[in-house]
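Inspection log for the structure reproduced underneath, given as structure tokens.
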Amino acid sequence: MEPDAQGLLDVGDGNLVFWEAGGSPHGKPALIVHGGPGSPSDGLGRYFDPARYRVVNFHQRGCGKSRPSALDPATDMRSNTTAHLIADMERLREHLGIETWLLFGGSWGSTLILAYAERYPHRVSEIVLIGVTTSRPAEGEWLYQGVGRFLPAEWESFRDGVPPADRTDLPAILRGYATLMADPDPEVRRRAAVTWVTWEDAVIGHESNGKPDSYSDQPLDDLLTMVRICAHYFSNNVFLDGDIILREAHKLAGIPAVLIHGRLDLSSPLDTAWQLTKVWPAADLVVVDDAGHTGSAAMSDAIRAAVDRFSRA
């Protein structure tokens, strides 16, 4: 699907958020919410029928075609939080004159979708989540330390990517990376970013159908941007109050949803999606037995089926 409209939306704080849209002008509105944080998706997604959907994509603050870019160490990150991203999504909806929209995304995108939907449930028609996360502290601790029990040498290298004084515990490690990614020396930033994505690659690469260079196989500027934003968010518990998404899941009542998750997802274990559907009766959980975080052919089929199902709603 090719975009037929795009723009830069002024969302305040000196930020311009890039957006694009395509598909039928009369189709069901859908918003793609990318992961990362800091990993913008290009295009309008291969799962949407352009005859049935009006699809919107946007680049979250600091990444992709949005400005200013977190690539520049001088960019002030204080106005880049989950609350800001939620407000940007709502401002974009208003700007485009959309009454309600389907929300589609995975990984970090699923966290942001859930946070937005709990804030604006009356603006959400349906939800499709892939590789479900709520980014509560326990999930961050698992991804950046706990899974190291399976990959001890790789995790030790990740830990040692920060100065010795920052290796006391995981919060200190994450803060250490955030500091390194704001260093004025480009070589300091490059080394820190490569070490960070080498860890993430190790986790993804050991999953079923995992690709060994999922994160590092991208242009250096994109890698630097993503790691700076990731370190900024996860060193601040993604600016959410603990397990607030699960605690406030009752606000999602009545929003039809499909949660699609790989049983072999090493970076984001299945139990989060399972716990969420226990308190969200309108959500269906689809478990794909052969998939990890990066998916599989069977997962693609499940995603397509969910999107097709809601196109008829």
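Some points to look at:
- Test: residue in segment 242-258 that is of a type outside the set (S, T, N, Q), closer than 30 Å to Phe158 by Cα, touching a helix residue (DSSP H, G or I) at 6+ places or on another chain (Cβ under 7 Å) and in a loop (DSSP other than H, G, I, E, B): yes
- All of (1) free of Cβ contacts under 8 Å to residues at least 40 places away in the same chain; (2) of a type outside the set (A, V, I, L, M, F, W, C); (3) buried (at least 20 other Cβ atoms within 10 Å of the Cβ) hold for Gly97 with one exception: (3).
- Unmet requirement for Ser311, which otherwise passes all of (1) modelled with pLDDT of 95 or more; (2) over 16 Å from Arg136 (Cα atoms); (3) within 21 Å of the chain's Cα centre (by Cα); (4) of a type in the set (S, T, N, Q): (3)
- Only one of Arg78, Arg46, Arg61 that is at pLDDT below 95 and among the charged types (D, E, K, R): Arg46
- Residues of segment 100-118 that are surrounded by fewer than 23 Cβ atoms within 10 Å (Cβ to Cβ) and either modelled with pLDDT under 95 or closer than 22 Å to Asp222 by Cα (or both): none at all.
- Exactly one residue among Glu154, Glu139 is under 27 Å from Leu276 (Cβ atoms) and in contact (Cβ under 8 Å) with a residue 12 or more places away in the chain, and that residue is Glu139.
- Qualifying residue in segment 209-218 (condition: in contact (Cβ under 8 Å) with a residue 40 or more places away in the chain and either on the phi > 0 side of the Ramachandran plot or among the hydrophobic types (A, V, I, L, M, F, W, C) (or both)): yes
- Annotation: of all residues in segment 149-203 being among the aromatic types (Phe, Trp, Tyr) and buried (at least 17 other Cβ atoms within 10 Å of the Cβ), the one that is farthest from Leu264 (Cα to Cα) is Tyr177.
- Residues that are assigned to a loop (DSSP other than H, G, I, E, B), farther than 24 Å from Ile204 by Cβ and among the acidic types (Asp, Glu) within segment 155-168 are absent altogether.
- Residue check, Asp241 charged (D, E, K, R) and touching an Asp or Glu at 6+ places or on another chain (Cβ under 8 Å): no
- Of all residues making up segment 78-94, the number that are touching a residue at least 24 places away in the same chain (Cβ under 8 Å) and of a type in the set (D, E, K, R): 4
- Within segment 21-43, being among the charged types (D, E, K, R) and buried (at least 19 other Cβ atoms within 10 Å of the Cβ) holds for one residue alone: Lys28.
- Scanning segment 280-313 for residues that are among the acidic types (Asp, Glu) and outside any loop (DSSP other than H, G, I, E, B) yields a count of 3.
- When restricted to residues that are of a type in the set (Ser, Thr, Tyr), at pLDDT 95 or above and under 20 Å from Pro152 (Cα atoms), segment 197-233 contains 1.
- Hits in segment 179-195 - residues which are assigned to a loop (DSSP other than H, G, I, E, B) and either in contact with a strand residue (DSSP E or B) (Cβ under 6 Å, 6 or more places away or on another chain) or over 22 Å from Ser214 (Cβ atoms) (or both): Ala182, Asp183, Pro184, Asp185
- Filter result for the condition that a residue is among the polar types (S, T, N, Q) and in a strand (DSSP E or B), over Ser41, Ser69, Ser125: Ser125
The values are calculated or read from the model by the stated rules, or taken from the named source; none is laboratory data. Please read these numbers as outputs of a predicted model, since none were measured by experiment. FYI the Cβ positions are ideal-geometry reconstructions off the backbone, even for glycines, and counts take in every protein chain you see.
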